[in-house]
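The values are calculated or read from the model by the stated rules, or taken from the named source; none is laboratory data. Just so it is clear, the structure is predicted and the values come from calculations on it, not from any experiment. Please note: Cβ atoms are built from the backbone with ideal geometry, for glycine as well, and neighbour counts cover all protein chains shown. Heavy atoms of the whole protein, side chains included, go into the accessibility calculation; ligands, DNA and RNA do not. Shrake-Rupley method; radii C 1.70, N 1.55, O 1.52, S 1.80 Å.
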Amino acid sequence: QVQLEESGGGLVQAGGSLRLSCAASGRSFSRNVMAWFRQAPGKEREFVAARNWSGIMKYAESVKGRFTISRDNAKNAVYLQMNALKPEDTAVYYCALDLNDVLPQEDPDEYDYWGQGTQVTVST
């Protein structure tokens, strides 16, 4: 049974930082693409960042230069370092796993497994 569990969300002031973690269990995912998405109230789920096993990364334009995705294949974990946070970054952040693609994908339909999400709230 594949499971993804996020942690690290919380309340932070604008300009602050948070680091999200996602622990994957059930099998090794060292050769798969892992990603972060987010969903704000009343909005559709949107792509944030993704990284494949060899280090190829993709970011949404809105987070480029502020967010960094990293992974530890030995720990089956993926991280999202979020700096210079803005109120518009407020959302539930989800970790996702793509079992089939080699390159990072932005389309949420490409992802096979999802975590439960962790709330990130950025205050003014």
* Structure fact -> The residue from 51, 71, 66 that alone is within 15 Å of residue 6 (Cβ to Cβ) and among the charged types (D, E, K, R) is 71
* Asked: Is it true that residue 100 is more than 14 Å from residue 119 (Cα to Cα) and touching a residue at least 24 places away in the same chain (Cβ under 8 Å)?
  -> no
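Each row is one residue, and each column tells you yes or no for (1) of a type outside the set (Ser, Thr, Tyr); (2) open to solvent by less than 30 Å² (accessible area, probe 1.4 Å); (3) in contact with an Asp or Glu (Cβ under 7 Å, 6 or more places away or on another chain).
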{"site": "51", "(1), (2), (3)": "yes, no, no"}
{"site": "54", "(1), (2), (3)": "no, no, no"}
{"site": "111", "(1), (2), (3)": "no, yes, yes"}
{"site": "117", "(1), (2), (3)": "yes, yes, yes"}
* Tally the residues that are open to solvent by 80 Å² or more (accessible area, probe 1.4 Å) and closer than 22 Å to residue 77 by Cβ, restricting the search to segment 31-44. => 1
* Among the residues of segment 8-29, write down those that are open to solvent by 60 Å² or more (accessible area, probe 1.4 Å) and part of a strand (DSSP E or B). => 11, 13, 19
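For segment 56-70, which residues satisfy the criterion of being out of contact with any Gly (no Cβ under 9 Å at 6 or more places or on another chain) and either of a type outside the set (A, V, I, L, M, F, W, C) or open to solvent by 30 Å² or more (accessible area, probe 1.4 Å) (or both)?
Restricting attention to segment 56-70, the residues satisfying the condition of being out of contact with any Gly (no Cβ under 9 Å at 6 or more places or on another chain) are 56-58, 60-70.
Once the filter is applied, which keeps residues that are out of contact with any Gly (no Cβ under 9 Å at 6 or more places or on another chain) and either of a type outside the set (A, V, I, L, M, F, W, C) or open to solvent by 30 Å² or more (accessible area, probe 1.4 Å) (or both), segment 56-70 yields 56, 57, 58, 61, 62, 64, 65, 66, 68, 70.
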